[in-house]
Each structure stands twice: as structure tokens, then as C-alpha cells.
Amino acid sequence: MTNTNRLDPDGIPCCDGPHPSPRKPALKAPPGAVDCHAHIFGPVARYPFSPKRLFTPPDTTVEQYRGVLATLGIARAVLVTPSVYGMDNERQLDALAATRGEWRGVAVVPTDVSDAELDRLHRAGFRGVRVNLFAKSGLLLEDLEAIAARVSAFRWHVQLHADARELEPLAPRRPSVSSGGPTGRIPRCRAACRRTSSCPTTATCSTSWLTGPTTTRCGGRSWSRIR
């Protein structure tokens, strides 16, 4: 979580690190469970952050993350190149190499990325590309169809990170992004709702074309079934 009360030397808000003592949850994860979105950060001297980043995270190692997965009872993971690295995928790539094929990755690449670079990332374990509309250092919405076409030969999916309320107008573009696997930030709800026009945020309605039936409850929690 970004801590706006604490700034780095560049005046950019700092991000809190992982909990130092995570507890084993009461709900047991099913066999082969996957954490489908995680990041590894630092050390910054070796993996410098983008100057356009919106936050500055502390170092978070593969070993720390393995410990969290063990506590949660989760077997595998997907590492996503975070916005703080722009289009530099090396930190996540090196983390994937350390797992010897156990985990997969989602990269951020330009629309003119070479076949050689896509092949290198694919062999390292990457299986998707991210379009983050909140970031200032990655792909843009107008790049959506172009990047989907660029990675289609590798059968990668496209992950679209956007405000859930802004996703419904994108529905007509979904057929041209057949590999799409978008995600939405769902605003905090005032009352329990389930795919209904009475929802004060219309979050469930605007994300239904992406994820299928979705339930949003007070506090902004959501559960989605991916088609």
C-alpha cells in the first residue's frame, strides 16, 4: 500500500513492504493453487526504477515471497512487471530464472518489440503482456490492439489494468483482443450488490464482460470467476 506520508529522496510516495509476520489463513488453498499477480523489487542499485514511477517500493526478494506462499499454502505464482520498472522486465525475469520454471510471468513490452526479445521472454517463462492505464511508463490504451496482435503468435494473453468503471466502453474492442485477460480496480461499495444497476459504483456491471459473474461487497472486496 502506498504511504503518502512518507516520500523518497525524489519526492515520490513510498510503498509499504510485505508484512513481516504473515499468519496462516483459516481457508486452505486447493492443491496447485496459484497467486496470479505478484512483484519482486530491488535491489535498486542493480534494478533501477523508472523516473516516471508513481511510488517507490522497498526491496522484496524471491526468498521473502516464497515464505509468504508457503504460509498461504500456495504452490505457484505469476510475476508481473510492475510500473516502477517501466518496460524493463529484467527483475522479474531473473526472479523467474531462480524458480527454475515453477512460476510464470507477465511482461511490459513496446508495440515494436522484436521477435527475438519476445522469444527470450517466452523461454524465460513469460506468458502475457500488461497494459496498465494507471502508469506513466508503460503501454497506452491506444496500444491495446497492436500489442495483442504482436504477441498473438506466442499465444500470450493481454492483461488490462484499469478502473473497473471505465471498462464497459471497451467491450466492443474485446473481439480484436481475443487473448485479453483484463483486471479492474473496483471502487469501495456502499452496500452489498450483485450485478445490479442499483450498485452505487456500477463496478460489478462494468466488469462482468471481463470476468463473468462477480460479487462486490462493502469494503471493496470482490470475487470473480474467470471464463
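Descriptive notes on the structure:
- Size descriptor for the stretch 2-185, Kirkwood hydrodynamic radius: 17.4 Å (Cα pairs only, one decimal).
- Between the stretch 138-174 and the stretch 59-129, the alpha-carbon center distance in angstrom: 19 Å
- Nearest-0.05 FRET efficiency for ARG23 and GLU117, computed from C-beta distance (R0 41 Å): 0.50
- Cα-Cα P(r), the stretch 1-111, percent of pairs per 10 Å interval: 13, 42, 33, 11, 1
None of the figures in this text is laboratory data; all of them are computed from the coordinates on show. Computed from a predicted model, the values in this text were never measured in an experiment. Note: ideal-geometry Cβ built from the backbone for every residue, glycine included; neighbour counts use all protein chains shown.
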